[in-house]
Amino acid sequence: MSLVSRFPSHKDSIQIRQNPSVVINGLSHWFGKGSMRRMVLESISMEIDSGEVVLLTGPSGCGKTTLLTLIGALRNVQEGDLKVLGKQLFNSGRKTRQKLRRQIGMIFQGHNLLRCLTAEQNVQMGSDLLAGFSYSARRDQAREWLRAVGLHDQMSKLPHDLSGGQKQRVAIARALAARPKLLLADEPTAALDSVTGREIVDLLKRLALEQSISVLMVTHDPRILDVADRLLQMEDGKLVPSYG
């Protein structure tokens, strides 16, 4: 049985597409100060619709991860308009960004798992963000997502006992356990074998379709480009004309 057929379902999963989840106009960003100041994003403009899967490609160092962290409300917007899930992030306050981050799932290459917690406990950190759920319901949700990514037999293991690919799948399950409205993923298949990687992106695609989760995924993996509703390419901090 594939991973895709096992992900947790919800009665209200079929939704009508609403307003764009992400709207960006003239977004620019710099690192450093004075003579060391360097532009990493230049006049980015784009939209991501509710339920849309967008893949972002481009060479290392071209600004892809910086764009993800800005959309994820992990950095302050320096210049331009950035509206995420209806919230304007330019000149936004810390509380606004904190509240917004609870609606965004993030999967980054570093995994960021807590070493002292088991796989199940790490995933439950995601479900703990859900309001109105009992402890047992949040625990059950965490277990269901671990089953969905093929780790039903690894729930009690600590991160140091897991392979790189298994850690990545725990990180994916944790992000999904919070039932985000927007999922940001930085090379989510990089540590996965071809079969598991394919099943993971098919899972994300199905979630986008059935639960109207918007997905923005940075990738260098040519094996998964066909899951995208749209492909974007970045070079030197700029979006270049789409090829798909």
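The values are calculated or read from the model by the stated rules, or taken from the named source; none is laboratory data. All values reported here derive from a predicted model rather than from experimental measurement. Glycine gets a Cβ as well: all are built from the backbone with ideal geometry, and neighbour counts include every protein chain shown.
Applying the criterion of being assigned to a strand (DSSP E or B) and small (Gly, Ala, Ser) to the residues of region 56-107, the residue that is nearest to MET46 (Cα to Cα) is GLY80. Per the listing VAL201, VAL195, the residue uniquely surrounded by 23 or more Cβ atoms within 10 Å (Cβ to Cβ) and of a type in the set (Val, Ile, Thr) is VAL201. Hey, does region 153-161 have a residue that's out of contact with any Phe, Trp or Tyr (no Cβ under 9 Å at 6 or more places or on another chain), crowded, with 20+ Cβ neighbours inside 10 Å and either among the hydrophobic types (A, V, I, L, M, F, W, C) or more than 24 Å from ASP49 (Cβ to Cβ) (or both)? No, every residue in region 153-161 fails to be out of contact with any Phe, Trp or Tyr (no Cβ under 9 Å at 6 or more places or on another chain), crowded, with 20+ Cβ neighbours inside 10 Å and either among the hydrophobic types (A, V, I, L, M, F, W, C) or more than 24 Å from ASP49 (Cβ to Cβ) (or both).
Considering (1) more than 16 Å from the chain's Cα centre (by Cα); (2) surrounded by 15 or more Cβ atoms within 10 Å (Cβ to Cβ), the lone condition that SER50 does not fulfil carries the number (1). Could you list all residues from region 125-139 that are surrounded by fewer than 21 Cβ atoms within 10 Å (Cβ to Cβ) and under 22 Å from the mean Cα position of the chain (by Cα)? Hits for region 125-139 are MET125, ASP128, LEU129, LEU130, ALA131, ARG138, ARG139.
In this entry, ARG179 is excluded by the filter for residues that are among the basic types (Lys, Arg), at pLDDT 90 or above and farther than 30 Å from GLY132 by Cβ.
Restricting to region 113-140, name every residue that is of a type in the set (Phe, Trp, Tyr) and outside any helix (DSSP H, G or I). If you could, list the steps in order and put the result at the bottom.
Of region 113-140, the ones of a type in the set (Phe, Trp, Tyr) are 133, 135.
Scanning region 113-140 gives a single hit, PHE133.
A count restricted to region 122-162 and to residues that are free of Cβ contacts under 8 Å to residues at least 24 places away in the same chain and within 26 Å of VAL195 (Cα to Cα) stands at 4.
When GLU235, GLU187 are checked against the criterion of being surrounded by fewer than 19 Cβ atoms within 10 Å (Cβ to Cβ) and at negative phi, a single residue qualifies: GLU235.
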